[in-house]
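Structure first, then comments.
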Amino acid sequence: MNPTKRKILLIGRSGSGKTSMRSISWEFNFKFMDCGGQDSYLENFFGSQRDRVFRNVEVLIYVFDVTRKDTEKDLNYLESSVFALSEFSPESKIFCLIHKVDLIPEEERENVIESYKEEIMKFLSKFSEILENPLKVTCFGTSIWNETLFLAWSKIVYSLIPKIQLLEEHLHSFCQICDAEEVVLFERSTFLVISASSSKTYQDIHRFEKISKFIKHFKLSCNKAHSPFQSMEIRNRFFTAFVDSFTANSYILVIISDPQIENAAISLNIQVARNHFENLVQKTRGNDDNALVI
Amino acid sequence: MVDLDAFDNLYGETKQSENPFRQQSEFEEEKTPKILLMGLKKSGKTSIKHVVFYKMPPNKTIELESTPTLVQSDISNSSFIKFQIWEFPGQLDFFDSTFDSIGIFDNCQTIIYVIDSQEEVPESVSNLAKTIHHIHKNNYHKIGNKQDEKTIEMNFEVFIHKVERLTDEGKNDLQNDIEQRVLELLSENNLENEFEIRYYCTSIYDYSIFQAFSKVIQRLIPQYATLENLLDQLVKNSKIEKVFLFDVLSRIYVATDSSPVEDDVYELCSEFITMIFDFSNVYSVGKIQTNKPIKSQDSWISNTFDNDINNEIDLEIDLDQNIQKNQSNSNNTNKSNKSSQVINERNSAVVKLQTKNVLYFYEVNDYLSLVCLIPEKDFDFQGLIVYNFENFRQAISQIFKLDHINLFKRFGSKFDLVNREKLK
């Protein structure tokens, strides 16, 4: 194994839901390290194995169980992680997932998540003076039963892609050139949203997660029938949708609402854009062999 | 077309249809086939109905309560084929002489008897035999006009249900045992040759229940042979591997070509429709109300079929005109085909598979869609396929429409398909 390969660290105490969360499995150009949740394991990570674990970390995901009241222990582990990271991987980003929010009654949910977030941020702010590099921390309330986990993972993937703004600009101009209503880029294996560009506003803010779910489900059905999915076109009186594999690690969705635009023209545009984006991705990657390539 | 209203209606169990296609007339009322769902209590009758017709996720069915009384459901909103399901509560004893069973069996074309394969199989089987005996004794199985002796026989369908834990071999053995036992019991009353009973192994956790229901429904369609014949022609001319005519809302297939149905392919086609609907719902939100100006020739809206139906009362008079209209339509399509314009205005979807096959979805009307599997190399000539599908669409609209006034034999299967050889 490449010793310098960077990794995503997933830490959380036992029962916090790390493993079920990984049902959104992914195979990136990253080593994915799921640190066992038993206290004895965790002690080890912060002790003898400290530099092995925290070296070359791109992202740390710390999973909190929102139903547990004894947050102190979690915060201590987080503190140890923060210091270890500042020593071995100062550029890394931290994501705190406040997990299992579905177990909180809906009317209280938002408040509970907010106060939890505050507690974490307040706790971490104590260290900002001691640490050399500013901390990059983001918190999410998540549940495996709704779109929140999908959103969190999408944000994490987004943070892993180098020069994502440049990609977004190009995606935006592609959307305009095609006269598309919306263009969405999905990561190939997970179907998480990498980036999107829309020329109109939609009411449905969870549409990416839904589309991702539908296509993923259908892809599984295709595999079950021993005929793997390749691409798709849907045409009705409201829109024409194209789903096609795009760059090496992505799929693209193009929504066109002008019925005058021929299917063949859209296909051709996708074809041309594919080469353009492949080149772009190669450029943004630069000399960094370990960057996440879409 | 993805009709969201129709989709919503799916959940209204006894809601009356507002679709002109479903217009209630005395004539139709009389012809509405009735399916009686029977079986011991807790055999899974209510679950079957909810999973197939109300899109209930299978794991939710455990929350359903037992059905205490006879429940009638009109399926005309969620299905192309108009029929009613009468669910017969398991604990109700209709052998009781005070029970008015005449009304129940009146106009009942199909009895689905559900046997729970995990519980009380012998009791269930003997109750089935008793039921058949009862029906035979009272002559309920002859349906139709008894005066002029034009009767049809009731269909007996047995669902050996909840087989999800059995292997294929286990299912076969169980089915053989049950068939054997039923024959023995019927022979006690010399009924073993009276009825042709069909058996299906079903489970709500896979597609077997949809497959079984598809076959049950197909037996209720008088024009089935014609439909199958049309689909065979379509397959031959368009080089299709397999085609299904789907009732899109229930995912039942109303007809298919005569080649055998592979479970995998049916399942994939069904999932394809589900995906198209789900996907379309997301991106049609907020657009349903906007009335885009629609050019008359542009059939984004399923105009031909629907107009025909709207006019169905005046049909007798307009008949010749209608046929002409259809002919001129096909002339138009023909012309535009030649001038290589895109003529595909109906809702459609294409999925390319890595096996070099294509899944193709083509809307027939609000209720029916064609879904087929075509080798990719034969799909490159899409215009031809669209042309054939369009002609098929018009042909079946005539079949179902004209049968209403018993004229279908005159015009039924007349439609024109083109294959590549002809085109050259």
Original post:
Among A:I270, A:I266, A:I252, A:I256, which is over 27 Å from the mean Cα position of the chain (by Cα) and more than 10 Å from chain B (Cβ to nearest Cβ)?
Top reply: A:I266
Original post:
For the stretch A:16-126, which fully contained helices (runs of 4 or more DSSP H) count at least 3 residues that are modelled with pLDDT under 80?
Top reply: A:18-21, A:39-46
Original post:
Which one is modelled with the lowest pLDDT among residues in the stretch B:271-293 that are in contact with a strand residue (DSSP E or B) (Cβ under 9 Å, 6 or more places away or on another chain) and at the interface with chain A (Cβ under 9 Å from one of its Cβ atoms)?
Top reply: B:Y283
Original post:
For the stretch B:347-401, what are the residues that are touching a residue at least 40 places away in the same chain (Cβ under 8 Å) and of a type in the set (S, T, N, Q)?
Top reply: B:N347, B:N357, B:N365, B:S369, B:N388, B:N391, B:Q394, B:S397, B:Q398
Original post:
Only one of (1) surrounded by fewer than 22 Cβ atoms within 10 Å (Cβ to Cβ); (2) over 22 Å from B:T61 (Cβ atoms) fails for B:E267. Which number is that?
Top reply: (2)
**OP:** Determine which member of the set A:L185, A:L151 is in a helix (DSSP H, G or I), buried (at least 16 other Cβ atoms within 10 Å of the Cβ), away from chain B (no Cβ under 11 Å) and in contact (Cβ under 8 Å) with a residue 24 or more places away in the chain.
**Re:** A:L151
**OP:** Quickly run through the stretch B:214-273 and pick out the residues that are in contact with a Phe, Trp or Tyr (Cβ under 9 Å, 6 or more places away or on another chain), under 28 Å from A:N223 (Cα atoms) and in a loop (DSSP other than H, G, I, E, B).
**Re:** B:K239, B:I240, B:V248, B:L249, B:S250, B:R251, B:D257, B:V261
**OP:** Within the stretch A:164-182, work out how many residues are more than 30 Å from A:P259 (Cβ to Cβ) and surrounded by 15 or more Cβ atoms within 10 Å (Cβ to Cβ).
**Re:** 1
Subject >> Within the stretch A:224-249, tally of residues that are part of a strand (DSSP E or B), buried (at least 20 other Cβ atoms within 10 Å of the Cβ) and among the small types (G, A, S) >> reply: 1
Subject >> Hey, A:S221 within 13 Å of chain B (Cβ to nearest Cβ) and either part of a helix (DSSP H, G or I) or of a type in the set (S, T, N, Q) (or both) or not >> reply: yes
Original post:
Scanning for something touching a helix residue (DSSP H, G or I) at 6+ places or on another chain (Cβ under 7 Å), at the interface with chain B (Cβ under 7 Å from one of its Cβ atoms) and surrounded by fewer than 16 Cβ atoms within 10 Å (Cβ to Cβ), does the stretch A:193-203 turn up at least one residue?
Top reply: no
Original post:
Regarding B:K242, is this residue at pLDDT 90 or above and of a type in the set (K, R)?
Top reply: yes
Original post:
For the stretch B:241-252, what are the residues that are touching a Cys at 6+ places or on another chain (Cβ under 8 Å) and buried (at least 23 other Cβ atoms within 10 Å of the Cβ)?
Top reply: B:V243, B:F244, B:F246
Subject >> Residue that is nearest to the chain's Cα centre (by Cα) [pool: residues in the stretch B:199-213 that are in a helix (DSSP H, G or I) and closer than 11 Å to B:E157 by Cβ] >> reply: B:F213
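The values are calculated or read from the model by the stated rules, or taken from the named source; none is laboratory data. Please read all numbers here as calculations on a predicted model, not as lab measurements. Ideal geometry is used to build each Cβ from the backbone, glycine not excepted, and the neighbour counts take in all protein chains shown.
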